[in-house]
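Visitor: Let me begin by handing over the structure; questions about it come next.
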Amino acid sequence: MLLHIPGILDTAQVTQLRTALDAAAWVDGRETVGSQGAPVKRNQQLTDVSPLREALGRIVLAALAKNPLYHAATLPLRTLPPRFNRYEGGGAYGMHVDGSVMALPNGEQLRSDISCTLFLVEPEDYDGGELIVSDTYGEHEVKLPAGDAIIYPASSLHRVQPVTRGARLAAFFWVQSLIRDDNRRRLLFELDTSIQQLVTTGADHDAVLQLTGIYHNLLRQWAES
Ligand code: NI
């Protein structure tokens, strides 16, 4: 499921992150990539050990925790602390797949089910930089307002188009979901969304209660931790 989640960060938070990132020390993005990705990756990142990355990552995680749409769509079990990247001067990331298993700071491991990119620059402030996600329905082009995020299956092939004017800044991270299977996760999300809509439109209380029970029983049956 490819889903646009608007307004994860508000304008003040985007400005706060941008100010910090504009003054940050950036390193070659190939620091965190395997041998297959290295030849096609041309961007910059904050190092994993950077205290700034950790501080800004905490802001992003706190904002995600308050976002009901994000929670309903991802059903997160574990989340990799967010990283930050910058593309400029023709920087790009050619077609690649993300690693399937990643190390968490506490020594545990995370299976990457969902990839997330949180855009930090308004689309009109740079040219290029579209995230292209390839799935069985073809290629999807994503370039979102600052503060908005896209989530997509971590199993997808994807790339970032060259940035030919300005700079593209983003936070990115991976989620291990309680629901490993993307189709099941989508069904639960659609059921959840429908129930919320029924509540909003004042549908019969008992019927809504029954559907809510079905949602939780499916989640209980499919969830793994
Ligand atoms: Ni990637």
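Visitor: Could you say whether any residue in segment 192-205 is in contact with a Leu (Cβ under 7 Å, 6 or more places away or on another chain), open to solvent by less than 20 Å² (accessible area, probe 1.4 Å), hydrophobic (A, V, I, L, M, F, W, C) and part of a helix (DSSP H, G or I)?
Guide: Yes, some residue in segment 192-205 is in contact with a Leu (Cβ under 7 Å, 6 or more places away or on another chain), open to solvent by less than 20 Å² (accessible area, probe 1.4 Å), hydrophobic (A, V, I, L, M, F, W, C) and part of a helix (DSSP H, G or I).
Visitor: Take the conditions under 15 Å from His4 (Cβ atoms) and either in contact (Cβ under 8 Å) with a residue 24 or more places away in the chain or crowded, with 17+ Cβ neighbours inside 10 Å (or both) and apply them to Ala63. Does it pass?
Guide: For Ala63, the condition - under 15 Å from His4 (Cβ atoms) and either in contact (Cβ under 8 Å) with a residue 24 or more places away in the chain or crowded, with 17+ Cβ neighbours inside 10 Å (or both) - is not met.
Visitor: Hey, among Pro51, Pro82, Pro76, which residue is under 25 Å from Arg184 (Cα atoms) and out of contact with any Pro (no Cβ under 6 Å at 6 or more places or on another chain)?
Guide: Pro76
Visitor: Say whether the condition of being part of a helix (DSSP H, G or I) and closer than 26 Å to Gly99 by Cα is met by at least one residue in segment 175-182.
Guide: Yes, that holds for at least one residue.
Visitor: For Arg220, indicate whether it is open to solvent by 60 Å² or more (accessible area, probe 1.4 Å), away from the ligand (no atom under 16 Å from the Cβ), out of contact with any strand residue (DSSP E or B) (no Cβ under 6 Å at 6 or more places or on another chain) and under 15 Å from Leu2 (Cβ atoms).
Guide: When the stated conditions are applied, Arg220 does not pass them.
Visitor: Quick one: which of Val40, Val49, Val60, Val33 is of a type in the set (Val, Ile, Thr), within 21 Å of Gln109 (Cα to Cα) and within 16 Å of the ligand (Cβ to nearest atom)?
Guide: Just one listed residue meets the conditions, Val33.
Visitor: Which residues, taken from segment 80-103, are more than 16 Å from the ligand (Cβ to nearest atom), part of a strand (DSSP E or B) and open to solvent by less than 60 Å² (accessible area, probe 1.4 Å)?
Guide: none
The values are calculated or read from the model by the stated rules, or taken from the named source; none is laboratory data. Nothing here was measured: the structure is a model prediction, and the numbers come from that model. For neighbour counting, all protein chains shown are included, and Cβ atoms are generated from backbone atoms with ideal geometry for every residue, glycine included. The area values use the complete protein model at the heavy-atom level, side chains included, leaving out ligands, DNA and RNA. Shrake-Rupley method; radii C 1.70, N 1.55, O 1.52, S 1.80 Å.
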